[in-house]
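Chemist: Pasting a structure below so you can have a look.
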Amino acid sequence: MRPDAEPTGPTYLPSGDQYTIQADDVQDLSKWVPILLDAMKRLPGLQDVSSDQQNGGLEVLMNYDRVTAAKLGLTVKTLDSALYSAFGQSEVSIILNPA
């Protein structure tokens, strides 16, 4: 595994621990997540090991016409923010049930 594809977890949850694995390249994640998942499932001290990885998401590369945007009074930051608000992912809330 490449050094920049290192685990950033764990996160401690009431139901157990959660590890997050990040990489600069989605192909690295597609390769290594199933390998790590399989290895973790075989460890005797772990139970209910699973992954929430979802492949097949859509991706679009956009190029802004900065001159036209500027004529309309729009900055790249404004355009990025509008697109992220419309299509980005954000955590709305976390609801924990007390034990």
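Just so it is clear, none of the values below were taken in a lab; they were calculated from the coordinates. Please read these numbers as outputs of a predicted model, since none were measured by experiment. Neighbour counts are summed over all protein chains in view; Cβ atoms, including those assigned to glycine, are modelled from backbone coordinates with ideal geometry.
Chemist: From the list 84, 64, exactly one residue is surrounded by 10 or more Cβ atoms within 10 Å (Cβ to Cβ) and under 26 Å from residue 30 (Cα atoms). Which is it?
Modeler: None of the other options fit; the residue is 84.
Chemist: In segment 29-45, what residues are surrounded by 12 or more Cβ atoms within 10 Å (Cβ to Cβ) and without any contact (Cβ under 8 Å) to a residue 24 or more places away in the chain?
Modeler: 31, 33, 34, 36, 37, 40, 41
Chemist: Also, quick follow-up: All but one of (1) in a helix (DSSP H, G or I); (2) within 18 Å of residue 19 (Cβ to Cβ) hold for residue 44; which doesn't?
Modeler: (1)
Chemist: Pairs under 7 Å by beta carbon, first residue within 18 Å of residue 59 (Cβ to Cβ) in segment 71-93, partner surrounded by 10 or more Cβ atoms within 10 Å (Cβ to Cβ), six or more apart or different chains?
Modeler: Filtered contacts from segment 71-93: 79/64; 79/69.
Chemist: Being hydrophobic (A, V, I, L, M, F, W, C) and closer than 30 Å to residue 97 by Cα is the filter; apply it to segment 46-61 and report the residue that is surrounded by the most Cβ atoms within 10 Å (Cβ to Cβ).
Modeler: My answer is 49.
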